[in-house]
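First up is the structure itself, then whatever we jot down about it.
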Amino acid sequence: MTDSPATTRLSKRRTYRRLMYGSVLGGTAVSLLLRYFDYPLVGEAVYWVGLLAFFVIWKGSDVQLMDERDWALERRASLTALQLVVAVAVPGAAALRLLTWLTDYTAPPIVRGAFYGYIGLFIAFGLSYLWHRSRL
Amino acid sequence: MKNELDVYRSRDGLSQGELAETVGVSRQTINAIERERYDPSLELAFKLAAQFDCSVADLFDPDIDASE
């Protein structure tokens, strides 16, 4: 039995998508391993090769790799992720401020760095939202 | 959203993959619509209706009460 063109195309789509995500995940995993074994420069190079392969496959393949459901999933996932971050960051930041004011506790730099990261994320989100709103 | 997509697809003897290919989405998207897990965009709804030579209203029933 021969596959129909539709089946072949869907199979190609699946293959390309696996390659696309595999290149990033594989590149990152190998990069971490190389860094662990003290080859940081090679690790960085492998990381970038994986990342670039993702974009080359995404933009260069002759089949459509994403459709509207994928974008809808991304929108929902983004919203859920933002809500989770809010749920952790807002009370967490308040608790840290109170601890600092009421006691002599100072949060470790890594925790403060994480909160600055969250703040940066929200600023980026706000700017992005405003930009999209101005166009819609 | 309630829909008759699987009925029309079966009537025309199309697989989910073949229909997906025709309207330019993934098989999973067609599957999700048929299982009423995903509501298609207006554009896709019109493409599907055109494919089956029917109206969007023939294919999809918003069923407002169920979505509330």
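Brief remarks follow.
- Matching residues, the stretch B:11-40, being at positive phi and open to solvent by 50 Å² or more (accessible area, probe 1.4 Å): B:Gly13, B:Glu36
This table checks each residue for (1) at negative phi; (2) among the hydrophobic types (A, V, I, L, M, F, W, C); (3) under 15 Å from the mean Cα position of the chain (by Cα).
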{"site": "A:Leu25", "(1), (2), (3)": "yes, yes, yes"}
{"site": "A:Glu44", "(1), (2), (3)": "yes, no, no"}
{"site": "A:Trp58", "(1), (2), (3)": "yes, yes, no"}
{"site": "A:Val63", "(1), (2), (3)": "yes, yes, no"}
{"site": "A:Glu74", "(1), (2), (3)": "yes, no, yes"}
{"site": "A:Leu98", "(1), (2), (3)": "yes, yes, no"}
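- Residue count for the stretch A:48-94 satisfying the condition of being open to solvent by less than 70 Å² (accessible area, probe 1.4 Å) and not β-branched (Val, Ile, Thr): 22.
- Filter result for B:Leu5 (more than 13 Å from chain A (Cβ to nearest Cβ), within 11 Å of the chain's Cα centre (by Cα) and more than 23 Å from A:Arg17 (Cα to Cα)): yes
- Pair list, Cβ under 6 Å, 6 or more apart: the stretch A:81-96 residue of a type outside the set (Val, Ile, Thr), other residue open to solvent by 60 Å² or more (accessible area, probe 1.4 Å): A:Ala89/A:Tyr118
- Scan of the stretch A:99-118 for residues that are in a helix (DSSP H, G or I) and either open to solvent by 90 Å² or more (accessible area, probe 1.4 Å) or basic (Lys, Arg) (or both), ordered by number: A:Trp101, A:Leu102, A:Pro109, A:Ile110, A:Arg112, A:Tyr116
- Options A:Phe54, A:Phe125; residue that is touching a residue at least 40 places away in the same chain (Cβ under 8 Å), within 28 Å of B:Ser41 (Cα to Cα) and assigned to a helix (DSSP H, G or I): A:Phe125
- Against the numbered list (1) farther than 22 Å from A:Arg14 by Cα; (2) modelled with pLDDT of 90 or more, B:Arg37 comes up short only at (1).
- Within the stretch A:18-33, the set of residues being farther than 18 Å from A:Lys59 by Cα and open to solvent by less than 40 Å² (accessible area, probe 1.4 Å) comprises A:Gly26, A:Gly27, A:Ser31.
- Hey, B:Leu59 within 20 Å of A:Ala72 (Cβ to Cβ), open to solvent by less than 30 Å² (accessible area, probe 1.4 Å), away from chain A (no Cβ under 14 Å) and among the aliphatic types (A, V, I, L, M) or not: yes
The values are calculated or read from the model by the stated rules, or taken from the named source; none is laboratory data. Being a predicted model, the structure only gives us computed values, none of them experimental. A quick note on method: Cβ atoms are made from the backbone with ideal geometry, for glycine too, and the neighbour counts reach across all protein chains shown. We work out accessible area using only protein heavy atoms, side chains counted, and drop any ligands, DNA or RNA first. Shrake-Rupley method; radii C 1.70, N 1.55, O 1.52, S 1.80 Å.
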